[in-house]
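S.K.: A single structure is presented below for examination.
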Amino acid sequence: MTDPSSLSPSSSRSAVLGRIRKNLGRAAGPQDAPAEVVTRLANPPRNVMPARGQIPHDQQLNLFVKMAEDVNASVRRVENSDAIVGEVSRYLAEHNQPAVVRLAPDATITGLDWNKTTLETSSGVAGPLDMVSVTPAFAGVAETGSLMLRSSPDQPYTLNMLPDTHIVVVRASQIVGTYEEVWRLQRQSQGRGTMPRTFLWVTGPSRTGDIEQTLQLGAHGPRRLHIILVDDTGETSVGQPD
């Protein structure tokens, strides 16, 4: 029997796949996906949902706030998008943070009226000197107080990781009960088979207990996570589940 480790990468791959086909009783060559696989991918079944995720939406919002605060994030609910800029300014002043902010080049963030504050703003990929970032979330999960952040040209991944203070804007219509529902929103947003380069699940600020079992914030990401939860009732819908 040929040892796959002695073959070139392409030959080794062919040998491994050949063994799999042999064990499955399939002939060599392209195989059409079984009909049941195609059907399942086209219409993914709903998994078992935790009871605390199956609550009315207003209760999901309250649960999201509680769970996020339980893991050291801070949350402020605001009445509309116009209040986002003022809340960013308030938070930074209250916590004695730099008034220099790096914004995600997303229209929902850069399109706000930043001129009504004294903040110095710029947008784009974060660098090592950027201490504060403001980004949008794709969704929030009530059962754990987690945020889903997607990478894209208008939402650079570095904004989620490099700054010491990360301010995330999430709208009430983007809050769902469970993790599974986020993937449904993704399919609705970009279509099946299309995925961003990176998904990032964020549950509270970065932390580790590896050093003498002592909790340290900011170990491999932001030290502070502030979530602005916007009541977008009456605004353009952003990812509201069916």
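S.K.: Regarding the stretch 77-97, can at least one residue be identified that is under 18 Å from the mean Cα position of the chain (by Cα) and either exposed (fewer than 14 other Cβ atoms within 10 Å of the Cβ) or of a type in the set (A, V, I, L, M, F, W, C) (or both)?
M.R.: no
S.K.: Quick one: count up the residues across the stretch 68-97 that are outside any helix (DSSP H, G or I) and either within 18 Å of PRO205 (Cα to Cα) or free of Cβ contacts under 8 Å to residues at least 24 places away in the same chain (or both).
M.R.: Residues that pass the stated criteria total 9.
S.K.: Out of curiosity, is GLN240 at pLDDT below 75, under 29 Å from ALA51 (Cα atoms) and either in a strand (DSSP E or B) or of a type in the set (S, T, N, Q) (or both)?
M.R.: Taking the combined requirement at face value, the residue satisfies it.
S.K.: Another question about this same structure. May I ask you to list the residues in the stretch 98-107 that are over 21 Å from SER74 (Cβ atoms) and either open to solvent by less than 30 Å² (accessible area, probe 1.4 Å) or part of a helix (DSSP H, G or I) (or both)?
M.R.: ASP106, ALA107 - these are the residues of the stretch 98-107 that are over 21 Å from SER74 (Cβ atoms) and either open to solvent by less than 30 Å² (accessible area, probe 1.4 Å) or part of a helix (DSSP H, G or I) (or both).
S.K.: What number of residues in the stretch 113-142 are surrounded by 21 or more Cβ atoms within 10 Å (Cβ to Cβ) and assigned to a loop (DSSP other than H, G, I, E, B)?
M.R.: Residues flagged as surrounded by 21 or more Cβ atoms within 10 Å (Cβ to Cβ) and assigned to a loop (DSSP other than H, G, I, E, B) within the stretch 113-142 amount to 4.
S.K.: Looking at (1) farther than 24 Å from VAL88 by Cβ; (2) at pLDDT 75 or above; (3) of a type outside the set (S, T, N, Q), which one does GLU212 not meet, given that it meets all the others?
M.R.: Every listed condition holds for GLU212 apart from (2).
S.K.: If you don't mind, there's one more thing I want to ask. Conditions: (1) among the polar types (S, T, N, Q); (2) within 19 Å of ILE228 (Cα to Cα); (3) out of contact with any helix residue (DSSP H, G or I) (no Cβ under 9 Å at 6 or more places or on another chain); (4) open to solvent by less than 60 Å² (accessible area, probe 1.4 Å). THR158 meets all but one. Number of the miss?
M.R.: For THR158, the exception is condition (2).
The values are calculated or read from the model by the stated rules, or taken from the named source; none is laboratory data. Because the structure is predicted, anything quoted here is derived from the model rather than measured. In this analysis, Cβ positions are derived from the backbone assuming ideal geometry, glycine residues included, and neighbour counts consider all displayed protein chains. Accessible surface is based on the protein model in full, side chains and every heavy atom, while ligands, DNA and RNA are left aside. Shrake-Rupley method; radii C 1.70, N 1.55, O 1.52, S 1.80 Å.
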